[in-house]
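Novice: Provided herewith is a single structure, encoded as structure tokens, for subsequent inquiry.
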Amino acid sequence: MKRGTWLRIGKVAVGSVAALLLLAWVGFWCVRIGVWHDNVKQFYSVPLDDGPYVFREGGKLRIANYEFVPPKLRHWRRVLRSAWSQQMDGSYRVHEQILELTNRTALDQALARHPGLELDLASAPQPQAAVYTAARVAALSDVHGSARHLKALLQGGGIVDPELNWQWGSGRLVVAGDVVDKGPAVIEALWLLRKLERQAAAAGGGVHVLLGNHETMLLAESNPGSGVFYHGRKYQVLARAVGVPYGQLFGRTSELGNWLRTRNTVVQINDVIFVHGGFSRALLQQNWSLEAINGWGHKLVNEGLPSAGPNTRTNLELLASYWGPYEYKGYFDTIGYMEQFDESVITDTLQRYQCRLLVVGHAAVRSIQTVRGGRVVAIAVKLPETDIPAPTPAGELLLLEGQQCLRVRSDGTRQPL
């Protein structure tokens with residue numbers, strides 16, 4: 001074949017490759033812009049203000065609210081900028097009020113302007129017990145900042161009244177971890193649960209907010225110099241605007257941060273154990289009581305992983321690992337997890353703690369369901385992370401009355417498992 005022919009073929013081949021590369025590049029950006037069109041539409045469609053965050057600092061109470069300031073851009077310019085930078089635009093304007101703890105009149109006036117706050121200025125929060133009895137128990141998990149769905153579920157289950165006050169008497173509500181991160185209303189959800197905890201205790205009942213893997217990560221980030229974890233797009237924008245990692249808003253002076261540091265890892269009510277992840281063989285081999293597990297959990301979120309003390313560090317590393325009660329997913333057929341599941345783990349767990357049932361969150365499910373022969377109940381029904389208003393709020397609530405297990409939806413409908 002002549003040299004000129006080869007040159008023509010070469011030019012055609014190079015042109016074809018260039019055209020394919022250009023087409024692939026255009027396709028990539030079309031897909032990226034399409035994805036970010038949906039992300040931007042959802043992100044800016046919900047209220048993005050945040051707070052109140054409450055801090056006790058040097059005899060004073062500081063209440064901080066953050067007002068979201070959206071970028072002055074039309075929708076498609078927001079989409080293009082977000083697709084290019086891989087982050088949302090916007091800033092936050094800080095509104096702070098600083099009060100003397102000794103000025104009760106000013107404190108009462110300030111708290112009246114924030115009716116969702118539930119503060120005990122006379123004493124610090126204390127850990128709860130590990131074992132309780134109750135005639136009726138409700139449980140949910142993995143709220144992830146979707147406060148609207150949380151409120152609808154509590155109302156649908158008859159646990160709170162229309163003003164979101166406790167009306168369940170001596171009943172007990174368990175929130176099995178991961179209230180924080182992802183969705184836009186983390187602070188609203190936390191203050192609501194803290195208020196209900198106080199109201200329930202006064203009525204002879206209880207609210208038990210357990211630690212999940214996202215709470216342990218958040219509280220670890222509250223220590224300066226720690227790693228930065230995923231907290232959802234709203235909190236990434238807030239962290240950039242404030243100039244500190246989001247977790248540091250839950251530091252040692254934070255009311256919500258210190259409340260979370262006293263929350264338990266596991267609770268037993270009647271003959272049912274509630275935990276975020278579960279019990280692995282490695283955890284069972286420690287022969288810890290439920291009280292001991294909670295004690296180690298408090299040590300983990302209060303002190304982190306110590307540089308000295310080999311036994312202490314080994315125990316805390318186990319709690320923080322995949323095999324710990326926050327991350328474990330061995331009860332579920334999840335691709336990529338690190339063990340061939342042994343059914344005897346469940347049998348040994350139930351025998352160890354003299355229970356008939358394990359209720360767990362962490363592993364997302366479409367509807368509350370039993371697994372492993374009905375001995376494990378999965379309650380982490382996935383909620384929309386954007387919290388966009390919809391005709392019917394999502395999620396389900398587990399209701400235990402005697403030996404009966406029901407799933408309850410936000411409209412009040414009940415269905416046996």
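The values are calculated or read from the model by the stated rules, or taken from the named source; none is laboratory data. Note that the structure is a prediction, hence the values are computed from the model and not measured. Note that we place each Cβ from the backbone using ideal geometry, even for glycine, and neighbour counts take in every protein chain shown. Each accessible area value is taken on the protein alone, full model and side chains, heavy atoms only, with ligands, DNA and RNA left out. Shrake-Rupley method; radii C 1.70, N 1.55, O 1.52, S 1.80 Å.
Novice: When you look at Arg62, is it part of a strand (DSSP E or B), modelled with pLDDT of 85 or more and open to solvent by 70 Å² or more (accessible area, probe 1.4 Å), yes or no?
Specialist: It is false that Arg62 is part of a strand (DSSP E or B), modelled with pLDDT of 85 or more and open to solvent by 70 Å² or more (accessible area, probe 1.4 Å).
Novice: A further question on this structure: Step by step: first the residues of region 138-158, then only those that are hydrophobic (A, V, I, L, M, F, W, C) and surrounded by fewer than 24 Cβ atoms within 10 Å (Cβ to Cβ), then the one that is farthest from the chain's Cα centre (by Cα). Which residue is that?
Specialist: Ala152
Novice: If you don't mind, there's one more thing I want to ask. Under 7 Å by Cβ, and 6 or more places apart or on different chains, what pairs join a residue from region 133-158 that is small (Gly, Ala, Ser) with one that is open to solvent by 20 Å² or more (accessible area, probe 1.4 Å) and in a strand (DSSP E or B)?
Specialist: Going by the 7 Å Cβ cut-off, the qualifying pairs are Ala134/Arg172.
Novice: I would also like to ask the following. Which one of Gln340, Gln351 is at pLDDT 95 or above and more than 30 Å from Lys182 (Cβ to Cβ)?
Specialist: Gln351
Novice: Find all pairs meeting these conditions: Cβ atoms under 9 angstrom apart; at least six residues apart or on different chains; first residue within region 99-112 and part of a loop (DSSP other than H, G, I, E, B); second residue among the small types (Gly, Ala, Ser).
Specialist: Leu101/Gly59; Thr102/Gly59
Novice: Among Ala282, Ala239, which is the only one that is part of a helix (DSSP H, G or I) and under 27 Å from Gly58 (Cα atoms)?
Specialist: Ala239
Novice: Only one residue in Gln86, Gln128 is under 30 Å from Val272 (Cβ atoms) and not β-branched (Val, Ile, Thr), so which one is that?
Specialist: The match here is Gln128.
Novice: For residues that are within 20 Å of Gly232 (Cα to Cα) and open to solvent by less than 60 Å² (accessible area, probe 1.4 Å), tally how many sit in region 15-44.
Specialist: Qualifying residue count, region 15-44: 9.
Novice: So, one more: Any residue that is more than 30 Å from Leu357 (Cβ to Cβ) and open to solvent by less than 70 Å² (accessible area, probe 1.4 Å) - is there at least one of those in region 124-135?
Specialist: Yes, there is a match, as at least one residue in region 124-135 is more than 30 Å from Leu357 (Cβ to Cβ) and open to solvent by less than 70 Å² (accessible area, probe 1.4 Å).
Novice: Would you mind finding the one in Trp168, Trp191 that is among the aromatic types (Phe, Trp, Tyr), buried (at least 22 other Cβ atoms within 10 Å of the Cβ) and not in a helix (DSSP H, G or I)?
Specialist: Trp168
Novice: Would you call Arg198 part of a helix (DSSP H, G or I), over 23 Å from Tyr92 (Cβ atoms) and open to solvent by 10 Å² or more (accessible area, probe 1.4 Å)?
Specialist: So Arg198 fits the description; yes.
Novice: With the condition being of a type in the set (Val, Ile, Thr), I'd like the strands (runs of 3 or more DSSP E) fully within region 348-417 carrying at least 1 qualifying residues.
Specialist: 357-360, 369-371, 376-378, 404-408
Novice: Just to be sure I understand the filter: pairs with C-beta atoms under 7 Å, separated by 6 or more residues or on different chains, first member in region 392-403 and farther than 14 Å from Ile159 by Cβ, second member in a loop (DSSP other than H, G, I, E, B) and of a type outside the set (A, V, I, L, M, F, W, C). Which pairs pass?
Specialist: Thr392/Ser410; Thr392/Asp411; Pro393/Ser410; Ala394/Pro384
Novice: Could you please give the count of residues in region 272-302 that are in contact with a Phe, Trp or Tyr (Cβ under 9 Å, 6 or more places away or on another chain), open to solvent by 30 Å² or more (accessible area, probe 1.4 Å) and either touching a residue at least 60 places away in the same chain (Cβ under 8 Å) or among the acidic types (Asp, Glu) (or both)?
Specialist: 2
Novice: May I pose another question? Can you name every residue in region 227-271 that is over 25 Å from Ala292 (Cα atoms) and basic (Lys, Arg)?
Specialist: Arg233, Lys234, Arg240
Novice: I'd like to verify a number: residues in region 238-261 that are open to solvent by less than 20 Å² (accessible area, probe 1.4 Å) and of a type outside the set (A, V, I, L, M, F, W, C), how many?
Specialist: Residues meeting the conditions: 7.
Novice: What are the pairs with Cβ atoms under 6 angstrom where one residue, in region 71-85, is touching a residue at least 24 places away in the same chain (Cβ under 8 Å) and the other, located anywhere, is outside any helix (DSSP H, G or I) and not charged (D, E, K, R)? Sequence gap at least six, or different chains.
Specialist: Here the result reads Ser82/Met88, each pair linking region 71-85 to a residue that is outside any helix (DSSP H, G or I) and not charged (D, E, K, R).
Novice: Is it the case, given these coordinates, that Asp348 is within 20 Å of Val266 (Cα to Cα), more than 21 Å from the chain's Cα centre (by Cα), open to solvent by 40 Å² or more (accessible area, probe 1.4 Å) and of a type in the set (Asp, Glu)?
Specialist: The answer is yes for Asp348.
Novice: Of the conditions (1) open to solvent by 20 Å² or more (accessible area, probe 1.4 Å); (2) under 23 Å from the mean Cα position of the chain (by Cα), Asp161 satisfies every one except a single condition; which number is it?
Specialist: Looking at each condition in turn, Asp161 falls short on (2).
Novice: Additional query: May I ask you to list the residues in region 71-120 that are touching a Leu at 6+ places or on another chain (Cβ under 8 Å) and open to solvent by less than 50 Å² (accessible area, probe 1.4 Å)?
Specialist: Once the filter is applied, which keeps residues that are touching a Leu at 6+ places or on another chain (Cβ under 8 Å) and open to solvent by less than 50 Å² (accessible area, probe 1.4 Å), region 71-120 yields Asp89, Gly90, Tyr92, Leu99, Ala106, Leu107, Ala110, Leu111, Gly116, Leu117, Leu119.
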